[in-house]
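The structure appears right after this line, and notes come after that.
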Amino acid sequence: MKKDITSSNNSASRNLGRLILQLRRLERQPQTFGGAGSVTPSEIHTIEAIGCEGSVLMSELAARLGVTKGAVSQLVVRLEAKQLVKRTSYPHDSRGILISLTDKGKEAYVAHEEVHVRFYDQLRSQLSEQEVETFDRCIEKLNDFLQQN
């Protein structure tokens, strides 16, 4: 009995390791989203964190992404060069900087959302509704666990 549990744990550990390697591989590959041209995963996740509606303070964007203001500033410079975001002064505090998506950035945002929709459509075509719900709960728990560590 103990051998079966150890074997199962080893298999789960290998599968998780393979998943992490696949995610790392995907995180290094730029993709094209709409008319935005080549966009890195960190850039598209920044666009996603800004959101399609309104603006976000640079400090709030750093908090949403869980990175430093300096790291966000570098990302924003790259996204500005690609004409995907724009900066404006915060009207209530001259030290604050608002970041918002340009029309081209909004197009990339929508195209990225469509990738997620297609992923779940493919998932639903291969799994039962109960399996999809279980998958969602497992991903949520894994995210919670990783945020704690």
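The values are calculated or read from the model by the stated rules, or taken from the named source; none is laboratory data. Values in this document were obtained by computation on a predicted structure and should not be read as measured data. FYI the Cβ positions are ideal-geometry reconstructions off the backbone, even for glycines, and counts take in every protein chain you see.
If you take the residues of segment 36-55 that are within 14 Å of the chain's Cα centre (by Cα) and aliphatic (A, V, I, L, M), which of them is surrounded by the fewest Cβ atoms within 10 Å (Cβ to Cβ)?
Quick first cut of segment 36-55, residues within 14 Å of the chain's Cα centre (by Cα) only: 39-51.
Within this subset, residues satisfying the condition of being aliphatic (A, V, I, L, M) are 39, 44, 47, 49-50.
Working: Val39: 24, Ile44: 21, Ile47: 24, Ala49: 19, Ile50: 26.
Selected residue: Ala49.
Can you find a residue that is closer than 19 Å to Gly35 by Cα, assigned by TED's automatic domain parsing to the domain that holds Gly54 and under 18 Å from the mean Cα position of the chain (by Cα) anywhere in segment 129-147?
The answer is no, given that none of the residues of segment 129-147 is closer than 19 Å to Gly35 by Cα, assigned by TED's automatic domain parsing to the domain that holds Gly54 and under 18 Å from the mean Cα position of the chain (by Cα).
Which of the residues spanning segment 81-109 are assigned to a helix (DSSP H, G or I), loosely packed, with under 15 Cβ neighbours inside 10 Å and not small (Gly, Ala, Ser)?
Asp103
Out of the residues in segment 21-35 that are in contact with a Pro (Cβ under 9 Å, 6 or more places away or on another chain) and at pLDDT 80 or above, which is surrounded by the fewest Cβ atoms within 10 Å (Cβ to Cβ)?
Within segment 21-35, the first condition is being in contact with a Pro (Cβ under 9 Å, 6 or more places away or on another chain), and the residues that meet it are 26-31.
Among the residues that remain, those that are also at pLDDT 80 or above are: 29-31.
Details: Gln29: 9, Pro30: 13, Gln31: 16.
Only one residue tops the list, namely Gln29.
Within segment 112-149, track down each residue that is at pLDDT 90 or above and not in a helix (DSSP H, G or I).
Across segment 112-149, the qualifying residues are Leu127, Ser128.
Restricting to segment 56-72, give me the number of residues that are more than 16 Å from the chain's Cα centre (by Cα) and touching a residue at least 24 places away in the same chain (Cβ under 8 Å).
4
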